[in-house]
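What follows is one structure encoded as structure tokens, with my remarks underneath.
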Amino acid sequence: PPVRAASRFLPYRRGLFALHLRTMRAGLALTGRVMALRDVEVVAVSATSSVRVVRPVGLGYTPPAVLWIHGGGYVWGSAAVNDRAVRRMAQRLGIVAFSVDYRLAPEHPYPAALDDCYTALRWLVARDDVDHRRIVLAGKSAGAGLVAALALRCTDAGLIDLAGQLLIYPMLDDRTVHRTNAVAARGWTPEDNAFGWRSYLGCDPGSDGVTDYAAAAR
């Protein structure tokens, strides 16, 4: 209901992101400057990725932590745009939140984004001011797909025992591009889904050889 009024202005099955990615990113940059919180600490965890730290006032020394990964179909999005939502989450739950900025496709296909998120998680695990028994990975859309892949990689590497993962409408399976039952799509269309997956994988979605780190449903 909140987006019903605006949805009439979104294109119908045309592929807004696939056709106008540069324009969409320019709009996002402007939105990010408006939405970003000025008092958020930004830490570069590598040459290619950074983390925005949201720590509510009054937390104990070692609170639980969430590593948040933003969405955007693997081709769009930024951590700054999520600042206000991440702060509300941190305040409501009494946690410290770490929001990752990672490299985007198609300029940086898999495994660039996952590598950036894994670097951020390793940086978080090395901190002594969070409860290592209560670290949760969370994200939405492509961010949730990265969460699932990051959880697999974290487990396989024996990095840490995660407390959980939160997947909000996750992009988990590149084979969804072959579905024929997506009707009345607006905003993120089947064309955008195919474009996002192709950009991230560097190959046609549904191809053989796609690993479970690239598409966790595999």
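The values are calculated or read from the model by the stated rules, or taken from the named source; none is laboratory data. It should be emphasised that the depicted structure is a prediction, and the values quoted were computed from it without experimental measurement. Quick reminder, even Gly has a Cβ in these numbers, built from the backbone with ideal geometry, and neighbours come from all protein chains shown. Note: accessible area is taken over every heavy atom of the protein model, side chains too, but ligands, DNA and RNA are not part of it. Shrake-Rupley method; radii C 1.70, N 1.55, O 1.52, S 1.80 Å.
For the reader, a short list of remarks on this structure follows.
- Any hit, the range 99-112, residues being of a type in the set (S, T, N, Q), surrounded by fewer than 19 Cβ atoms within 10 Å (Cβ to Cβ), on the phi < 0 side of the Ramachandran plot and at pLDDT 95 or above: no
- Extreme residue, most open to solvent (accessible area, probe 1.4 Å), among residues of the range 187-217 that are of a type in the set (Val, Ile, Thr) and under 26 Å from Asp156 (Cβ atoms): Thr211
- Beta carbons closer than 9 Å, at least 6 apart along the sequence or on distinct chains, pair a first residue in the range 78-98 that is buried (at least 24 other Cβ atoms within 10 Å of the Cβ) with a second that is acidic (Asp, Glu) for Ala79/Asp101.
- Considering Pro56, Pro63, the condition of being surrounded by 13 or more Cβ atoms within 10 Å (Cβ to Cβ), over 24 Å from Pro170 (Cβ atoms) and either acidic (Asp, Glu) or at pLDDT 95 or above (or both) is satisfied by Pro63 alone.
- Filtered by the rule that a residue be small (Gly, Ala, Ser) and without any contact (Cβ under 8 Å) to a residue 24 or more places away in the chain, the range 160-206 gives a lone residue, Ala182.
- Test for Asp161: is it closer than 19 Å to Thr62 by Cβ and either open to solvent by 10 Å² or more (accessible area, probe 1.4 Å) or under 10 Å from the mean Cα position of the chain (by Cα) (or both): yes
- Scanning the range 140-199 for residues that are among the β-branched types (Val, Ile, Thr) and in a helix (DSSP H, G or I) turns up Val147, Thr155, Thr176, Val177.
- Number of residues in the range 125-158 that are over 19 Å from Phe195 (Cβ atoms) and open to solvent by less than 30 Å² (accessible area, probe 1.4 Å): the value is 14.
- Restricting the range 164-186 to residues that are among the β-branched types (Val, Ile, Thr) and more than 19 Å from Gly209 (Cβ to Cβ), the residue that is least open to solvent (accessible area, probe 1.4 Å): Ile168
- Any hit, the range 17-39, residues being in contact with a Phe, Trp or Tyr (Cβ under 8 Å, 6 or more places away or on another chain) and farther than 20 Å from Tyr102 by Cβ: yes
- For the range 75-83, the criterion of a residue being of a type in the set (D, E, K, R), under 28 Å from Leu172 (Cβ atoms) and either part of a strand (DSSP E or B) or at pLDDT 85 or above (or both) is satisfied by at least one position.
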